[in-house]
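**Student:** One structure follows; several queries about it will come next.
The values are calculated or read from the model by the stated rules, or taken from the named source; none is laboratory data. Worth saying up front: this structure is predicted, and the values here are computed from it rather than measured. Note that we place each Cβ from the backbone using ideal geometry, even for glycine, and neighbour counts take in every protein chain shown. To get the accessible areas, we keep the full protein, side chains included, count just its heavy atoms, and leave off ligands, DNA and RNA. Shrake-Rupley method; radii C 1.70, N 1.55, O 1.52, S 1.80 Å.
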Amino acid sequence: MTDGLLLLGGGVAAGVFGSLLGLGGGILIVPLLTLAFGLPLIEAVGVSLVCVIMTSGAAAGVYLERRVANLRLGMTLELFTAIGALVGGLVAFLLPEHLLELIFAGLLAYVAVTMARPRETAPAGASAPAADGPDPATLEPVSTDDEPSSDRPFIETLSGPGYRVHRLGWGVVGSLGAGLASALLGIGGGLIKVPTMHVIMGVPLRVATATSNLMIGITASASAIIYLIRGGIDPYAAAPTAIGVFIGASFGSRAAHRIDLRILRGLFVVILLYTAWQMLQRAMA
Amino acid sequence: MTPAGADRRADPSETRLEHSIARLLTGGSYAAIALLAVGFGLMLVNGIGPLTRGPGFDVTTIPGDLLALRPAGFLWLGLIVVLATPASRVMAALIGYARRGERRMSLVAALILLVIALSVVVATGLEG
């Protein structure tokens, strides 16, 4: 019983931290399950995928209801995140665990460095759309001269109020990479999707973050199905973690405006670096 | 100049479609969390720890486990709802876009479902 409650509490903490800092839970859940509870990495990734689908599902419903997320763009890109995730889900069972741990340690260090820098874009954007993002309605349409003419009609159907979507090809490449990373590491993939949509494709940050959140469900479920059928998801470990993350994320999104995020961010950078070091040691062991 | 997508998104039928998908996502998430919570409650009652290796995934055992109030039945059903909710959202979008005669978006939705189906087939084949 104690382990169950500890796992529930750990899930709550991961959910609170994740939603306060705009990260998906995966980056925290995988180290929690492997380093603190001794689960094999492949099982931790499977459980993490379940958690990110849970938390993104409820949030994505709200973003769609408020019409912040762009359903057409999200569906077009998630076709490719799903393909990347399908490949990643199959590859994950072939790669040695220490290699995955090494990649995860690199990811943790990267996120820590990104968070330590002054913020210009959402760091991961998997949980909540940034309330301070630019208003799509105030953005001017940008020139489309660099797009092949054959792409224009379809791209235009993906655009939204006040913004025009560009460079769909780069979006496809970024989505394939996000799907692959999601399946291998148990993350939502917002780290790749949000910058791709915002910086490369010209989608406002708020819309990119919400659309990325909407896409997590399909991205993660394409590989989570493989984990489920191949025995990579343990129901006893998944339940308390997923419930905890769900509760934590709900609480975090409500408390975000009352907490000084600068201090929290600094603390989190330290935790991430320490976790990266622990994961690196585990990979080298 | 207004992008074509903005005009489409202002369409009332598109708004209805997005709202129904939103309700489906929210409902699916809450249904899944309820099933997992019941399963976790039964785990605590039966003294099952989360680090104990759980039973393997087998769809045929779920109804029996549910009737016998065994935690595994509720947990597996909850996990199935978690994984099926995003695909249901794409299915709803496919129906919505097909009704509107939008062939390209219908094709995109159909291809996503095909990739998901491929995941099931490939994983099942590898396990078999």
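**Student:** In the stretch A:248-285, which residue that is open to solvent by 20 Å² or more (accessible area, probe 1.4 Å) and among the aromatic types (Phe, Trp, Tyr) is farthest from A:Ser56 (Cα to Cα)?
**Tutor:** The residue in question is A:Trp277.
**Student:** Let me ask another. Spot the failing condition for A:Leu77; the list is (1) touching a residue at least 24 places away in the same chain (Cβ under 8 Å); (2) open to solvent by 10 Å² or more (accessible area, probe 1.4 Å), and only one is missed.
**Tutor:** That leaves (2) as the condition not met.
**Student:** Then there is this: Mind checking whether some residue in the stretch B:32-44 is over 13 Å from A:Ala239 (Cβ atoms) and either more than 9 Å from chain A (Cβ to nearest Cβ) or free of Cβ contacts under 8 Å to residues at least 24 places away in the same chain (or both)?
**Tutor:** Let us first name the residues in the stretch B:32-44 that are over 13 Å from A:Ala239 (Cβ atoms), namely none.
For the stretch B:32-44, residues over 13 Å from A:Ala239 (Cβ atoms) and either more than 9 Å from chain A (Cβ to nearest Cβ) or free of Cβ contacts under 8 Å to residues at least 24 places away in the same chain (or both): absent.
**Student:** Inspect all residues belonging to the stretch A:266-285 and state whether any of them is under 25 Å from A:Gly4 (Cβ atoms), in contact with a helix residue (DSSP H, G or I) (Cβ under 8 Å, 6 or more places away or on another chain) and within 12 Å of chain B (Cβ to nearest Cβ).
**Tutor:** No, because not a single residue in the stretch A:266-285 is under 25 Å from A:Gly4 (Cβ atoms), in contact with a helix residue (DSSP H, G or I) (Cβ under 8 Å, 6 or more places away or on another chain) and within 12 Å of chain B (Cβ to nearest Cβ).
**Student:** Return the residue satisfying two criteria in turn: it lies in the stretch B:95-122 and is open to solvent by less than 40 Å² (accessible area, probe 1.4 Å) and more than 7 Å from every other protein chain (Cβ to nearest Cβ), and of such residues it is farthest from A:Leu214 (Cα to Cα). Break it down stepwise before answering.
**Tutor:** Here is the first cut: in the stretch B:95-122, the residues open to solvent by less than 40 Å² (accessible area, probe 1.4 Å) are B:96-97, B:102, B:105-106, B:108-109, B:112-113, B:115-116, B:119.
Now restrict to residues that are more than 7 Å from every other protein chain (Cβ to nearest Cβ): B:96-97, B:102, B:106, B:113.
On the way: B:Gly96: 17, B:Tyr97: 18, B:Glu102: 21, B:Ser106: 18, B:Leu113: 16 Å.
If we take residues in the stretch B:95-122 being open to solvent by less than 40 Å² (accessible area, probe 1.4 Å) and more than 7 Å from every other protein chain (Cβ to nearest Cβ), then B:Glu102 is farthest from A:Leu214 (Cα to Cα).
**Student:** Tell me, yes or no, whether the stretch A:85-96 has at least one residue that is away from chain B (no Cβ under 14 Å) and at pLDDT 75 or above. I'd like the intermediate steps shown before the answer.
**Tutor:** The initial filter retains those residues of the stretch A:85-96 that are away from chain B (no Cβ under 14 Å), namely A:95-96.
Narrowing further to those that are at pLDDT 75 or above: A:95-96.
Within the stretch A:85-96, one or more residues are away from chain B (no Cβ under 14 Å) and at pLDDT 75 or above.
**Student:** Suppose we filter the stretch B:47-77 for residues that are within 7 Å of chain A (Cβ to nearest Cβ) and in contact (Cβ under 8 Å) with a residue 12 or more places away in the chain; how many remain?
**Tutor:** Looking only at the stretch B:47-77, we keep the residues that are within 7 Å of chain A (Cβ to nearest Cβ), and these are B:47-54, B:56-57, B:72, B:75-76.
Then keep just the ones that are in contact (Cβ under 8 Å) with a residue 12 or more places away in the chain; that gives B:48, B:54, B:57, B:72, B:75-76.
Summing the residues that are within 7 Å of chain A (Cβ to nearest Cβ) and in contact (Cβ under 8 Å) with a residue 12 or more places away in the chain in the stretch B:47-77 gives 6.
**Student:** Does the stretch A:157-204 hold any residues that are aliphatic (A, V, I, L, M) and more than 30 Å from A:His98 (Cα to Cα), and which are they? I'd like the intermediate steps shown before the answer.
**Tutor:** Within the stretch A:157-204, the subset aliphatic (A, V, I, L, M) is A:158, A:165, A:168, A:172-173, A:176, A:178, A:180-181, A:183-185, A:187, A:191-192, A:194, A:197, A:199-201, A:203.
Residues satisfying the conditions are A:Leu158, A:Val165, A:Leu168, A:Met197, A:Val199, A:Ile200, A:Met201, A:Val203.
**Student:** Would you confirm whether or not the stretch A:18-40 contains a residue that is within 10 Å of chain B (Cβ to nearest Cβ), assigned to a helix (DSSP H, G or I) and either among the hydroxyl-bearing types (Ser, Thr, Tyr) or surrounded by fewer than 21 Cβ atoms within 10 Å (Cβ to Cβ) (or both)?
**Tutor:** Looking for residues that are within 10 Å of chain B (Cβ to nearest Cβ), assigned to a helix (DSSP H, G or I) and either among the hydroxyl-bearing types (Ser, Thr, Tyr) or surrounded by fewer than 21 Cβ atoms within 10 Å (Cβ to Cβ) (or both), one finds none in the stretch A:18-40, hence no.
**Student:** Are any residues in the stretch B:30-61 modelled with pLDDT of 90 or more and either open to solvent by less than 10 Å² (accessible area, probe 1.4 Å) or in contact with an Asp or Glu (Cβ under 6 Å, 6 or more places away or on another chain) (or both), and if so, which ones?
**Tutor:** B:Ala32, B:Leu36, B:Gly39, B:Met43 - these are the residues of the stretch B:30-61 that are modelled with pLDDT of 90 or more and either open to solvent by less than 10 Å² (accessible area, probe 1.4 Å) or in contact with an Asp or Glu (Cβ under 6 Å, 6 or more places away or on another chain) (or both).
**Student:** Now, a different point. Those residues that are outside any helix (DSSP H, G or I) and charged (D, E, K, R), I need them from the stretch A:65-92; list them, please. Quick ask: steps written out before the conclusion?
**Tutor:** To start, the set of residues in the stretch A:65-92 that are outside any helix (DSSP H, G or I) comprises A:66-70.
Matches in the stretch A:65-92: A:Arg66, A:Arg67.
**Student:** Next up: Report, by residue number, each residue of the stretch A:65-74 that is facing chain B (nearest Cβ under 7 Å) and either charged (D, E, K, R) or open to solvent by 10 Å² or more (accessible area, probe 1.4 Å) (or both).
**Tutor:** We begin by selecting, within the stretch A:65-74, every residue facing chain B (nearest Cβ under 7 Å); these are A:65, A:67, A:71-72.
Once the filter is applied, which keeps residues that are facing chain B (nearest Cβ under 7 Å) and either charged (D, E, K, R) or open to solvent by 10 Å² or more (accessible area, probe 1.4 Å) (or both), the stretch A:65-74 yields A:Glu65, A:Arg67, A:Arg72.
**Student:** Determine, yes or no, whether A:Met197 is over 30 Å from B:Leu77 (Cβ atoms), buried (at least 23 other Cβ atoms within 10 Å of the Cβ) and either in contact with a Gly (Cβ under 6 Å, 6 or more places away or on another chain) or touching a residue at least 12 places away in the same chain (Cβ under 8 Å) (or both). Let's see the steps before the verdict.
**Tutor:** Values: over 30 Å from B:Leu77 (Cβ atoms): yes; buried (at least 23 other Cβ atoms within 10 Å of the Cβ): yes; either in contact with a Gly (Cβ under 6 Å, 6 or more places away or on another chain) or touching a residue at least 12 places away in the same chain (Cβ under 8 Å) (or both): yes.
It is true that A:Met197 is over 30 Å from B:Leu77 (Cβ atoms), buried (at least 23 other Cβ atoms within 10 Å of the Cβ) and either in contact with a Gly (Cβ under 6 Å, 6 or more places away or on another chain) or touching a residue at least 12 places away in the same chain (Cβ under 8 Å) (or both).
**Student:** While we're on this one: Return the only residue of A:Val50, A:Val62 being at the interface with another protein chain (Cβ under 10 Å from one of its Cβ atoms), without any contact (Cβ under 8 Å) to a residue 12 or more places away in the chain and assigned to a helix (DSSP H, G or I).
**Tutor:** Numbers: A:Val50 fails: without any contact (Cβ under 8 Å) to a residue 12 or more places away in the chain.
Answer to the check: A:Val62.
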